[in-house]
Amino acid sequence: MTGSAAGRFAPRMARLRAAMAAGGCDAFLADHAELIAWISGYTVSETLYRAAIVPTEGDPCFVLRSIDAGPCRSGVWFGDVATFDDHEDPHGAVAAALAARGLAGARIGVDPVSYGHTVATAQRLAELLPDARFVPLPGLSDRLRACKFADEIDAITAAAHIADQCMLGLEGHVHPGSTVREVAAMAAAAQLRLGADDGGPGPILVSGGHDSGSHVDFLHGSGLDRTLMPGDILHVELTPRVGNYGARLMRPVFVGEPPAEAPETFRRLAALQDRQIAAMRPGVAAREVDALLRTAVLAAGLRADYGNVTGYAMGLYARTPRPSDFSQSFHPAADFRLEPGQVFHMYVSARGVAVSETALVTENGPRLLTICPRRPMQG
């Protein structure tokens, strides 16, 4: 990367090193996919263990498979890349890289909540580096990234724009006789043409309609080969990413004349969510924002129960086991307060109808990054 790219990562390194100093660490071992990308500009799947080593001073070091060294060197802003061949011990390579940089007996910060830092990894590194002290910093990998920098918000905004365009492009092209798979393929192709990293559109499935009854648990259903019929409600969730940064958007698509109660259900849900989003201001408790929607939906009889969150963190989605980031999410026990720079996917569903937006918390209150009209789409 260029010097300007290195400068873009300087505030991130400063934020990380402040957390390291608070924990009394000489170095930090990042093995969380999103944090690795956030630190370095590059990430890779954990086919074999890989990590980024961040000392208190000087450049980080990326340790990974030799086959991935080329893309890594092209993607990171620093020059220190250590490699191992596939027949070698990845943990041994990381331990050797730490030792080579004078950190064999150091206080090394780790995030035990990182899905890359398994019990087996912790035990193996402790065996290889018996003089090191591993300092647990639980949740740091997500906490560091909670408030986005301007370049991150720009990437999420670009993804949101793709979601808006793609959703509007589906309108008028979802007809009885089509399959759900055909609609999903249409959305995937559109997202790629519009500049998304990949074509995965997110869940697209029949959520309500002529034979489905009133569902609240349809968001993660299946049925790509279902043939659409008049009266169906197609649930469309779009999840484009730009430079690994994602935005999300949900709308129902009415196939022909919708069930009689569906338009009114959407109107009520959207109005309640508008009230919820309007409350997303710095300093407000997340549980209070959640309650504004959750309590109202239940009181209105739109759902008999409400077991899911009403929003969750958006941002960087790298090669990771989790499709959604619940490190900060809205539910009755949520114990964080909103801060400027946080971005969330806020969603609500009932009776086969769903609506969602990607929302940014600013100093002056909330700002929607998705700006698709807040109405059902007509097939």
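Taken together, the residues in region 309-348 that are over 15 Å from the mean Cα position of the chain (by Cα), surrounded by fewer than 18 Cβ atoms within 10 Å (Cβ to Cβ) and assigned to a loop (DSSP other than H, G, I, E, B) amount to 6. Taking region 216-229 as the range and being crowded, with 19+ Cβ neighbours inside 10 Å and either of a type outside the set (A, V, I, L, M, F, W, C) or modelled with pLDDT under 75 (or both) as the test, the residues that pass are 216, 218. Inside region 238-277, residues that are part of a strand (DSSP E or B) and buried (at least 23 other Cβ atoms within 10 Å of the Cβ) make up a count of 9.
Residues that are on the phi > 0 side of the Ramachandran plot and modelled with pLDDT of 95 or more within region 351-379 comprise just one, 365. Taking (1) open to solvent by 30 Å² or more (accessible area, probe 1.4 Å); (2) closer than 19 Å to residue 97 by Cα; (3) in contact (Cβ under 8 Å) with a residue 40 or more places away in the chain in turn, residue 59 satisfies each apart from (3). Could you check, for region 196-213, whether at least one of its residues is of a type in the set (S, T, N, Q), open to solvent by less than 60 Å² (accessible area, probe 1.4 Å) and modelled with pLDDT under 95? The answer is yes, given that some residue of region 196-213 is of a type in the set (S, T, N, Q), open to solvent by less than 60 Å² (accessible area, probe 1.4 Å) and modelled with pLDDT under 95.
Selection over region 88-103 of residues that are open to solvent by 30 Å² or more (accessible area, probe 1.4 Å), in contact with a Cys (Cβ under 9 Å, 6 or more places away or on another chain) and within 14 Å of residue 30 (Cα to Cα) gives a count of 0. Return yes when residue 156 is surrounded by 19 or more Cβ atoms within 10 Å (Cβ to Cβ), in contact with a Phe, Trp or Tyr (Cβ under 9 Å, 6 or more places away or on another chain), at negative phi and part of a strand (DSSP E or B) and no when it is not. Answer is no for this residue. Within region 279-294, one or more residues are without any contact (Cβ under 8 Å) to a residue 12 or more places away in the chain and either buried (at least 20 other Cβ atoms within 10 Å of the Cβ) or over 22 Å from the mean Cα position of the chain (by Cα) (or both). Taking (1) touching a residue at least 60 places away in the same chain (Cβ under 8 Å); (2) touching a Ser or Thr at 6+ places or on another chain (Cβ under 8 Å) in turn, residue 66 satisfies each apart from (1).
The values are calculated or read from the model by the stated rules, or taken from the named source; none is laboratory data. As the structure is a prediction and not an experimental result, all values here were calculated from the model. Here the Cβ is made from the backbone with ideal geometry for all residues, glycine too, and neighbour counts use every protein chain on show. Heads up: the accessible areas ignore ligands, DNA and RNA and are worked out on the full protein's heavy atoms, side chains in. Shrake-Rupley method; radii C 1.70, N 1.55, O 1.52, S 1.80 Å.
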